[in-house]
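Notes follow once the structure below has been shown.
Read the figures in this text as sums done on the coordinates, not as results from a lab. Everything numeric here is computed off the predicted structure, so don't read it as measured data. Here the Cβ positions follow ideal geometry from the backbone for every residue, glycine too, while neighbour counts run over all protein chains shown.
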Amino acid sequence: MPAPRPLETGAEAPDFTVTTTAGDELTLSSLRGGRVALYFYPKDATPGCTAQACNLRDGLGELAEHGITVIGVSPDDDASHARFAEKHELPFALVADPDRTIIEAYGVWGEKKNYGKVYDGLQRTTFLIGPDGVIQHVFKRPRTKDHTNEILSKLG
């Protein structure tokens, strides 16, 4: 069976309700009226994922000034997210998706290649979702150390 393709610009963002690592219930559609940077990352505490999370943390004030809520999703569990968030003082929601329900709804699980090895995994992707719940931009392979600026550059 071929891997699903990531959702594209103009698609409606699939809704979900989850409990965040902080214990809060979060429903994506409850954030309508503002923008959401929904970012999918492979694994807590790895160099690229840490760089991306810290870049978003450091740019959160500027993102918030533009009405953007940041939510991170990975297949790691709540305990891993809690350690990651505490160690790096991440002030935004992290969502554990070990059964890949959200990940697969957004089409970001699929074939990856690393050093010649082919395997299935999460493809680092961010969806900028507009106030109407429609995807405004898809960042495939975002720049982990400059992701805040990438997001801000797409605001119209």
> Restricting attention to the range 101-121, and to residues there that are surrounded by fewer than 16 Cβ atoms within 10 Å (Cβ to Cβ) and β-branched (Val, Ile, Thr), which single residue is nearest to residue 135 (Cα to Cα)?
Replying inline: 101
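Yes or no: residue 62 in contact with a helix residue (DSSP H, G or I) (Cβ under 7 Å, 6 or more places away or on another chain) and part of a helix (DSSP H, G or I)?
Judged against the criteria, residue 62 is a match.
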> Can you name the residue in the range 92-115 that is assigned to a loop (DSSP other than H, G, I, E, B) and of a type outside the set (A, V, I, L, M, F, W, C) and is also farthest from the chain's Cα centre (by Cα) among such residues?
Replying inline: 115
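Answer yes or no as to whether residue 78 is in contact with a Ser or Thr (Cβ under 7 Å, 6 or more places away or on another chain) and either surrounded by fewer than 13 Cβ atoms within 10 Å (Cβ to Cβ) or more than 21 Å from residue 151 (Cα to Cα) (or both). Don't jump to the end; show me each part of the working.
Values: in contact with a Ser or Thr (Cβ under 7 Å, 6 or more places away or on another chain): yes; either surrounded by fewer than 13 Cβ atoms within 10 Å (Cβ to Cβ) or more than 21 Å from residue 151 (Cα to Cα) (or both): yes.
It is true that residue 78 is in contact with a Ser or Thr (Cβ under 7 Å, 6 or more places away or on another chain) and either surrounded by fewer than 13 Cβ atoms within 10 Å (Cβ to Cβ) or more than 21 Å from residue 151 (Cα to Cα) (or both).
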>> Quick check on my filter: what residues within the range 32-59 are closer than 19 Å to residue 103 by Cβ and surrounded by 19 or more Cβ atoms within 10 Å (Cβ to Cβ)?
In response: 36, 37, 38, 39, 40, 41, 44, 49, 52, 53, 56
> Restricted to the range 116-149, and to residues that are outside any loop (DSSP other than H, G, I, E, B) and free of Cβ contacts under 8 Å to residues at least 12 places away in the same chain, which residue is nearest to the chain's Cα centre (by Cα)?
Replying inline: 119
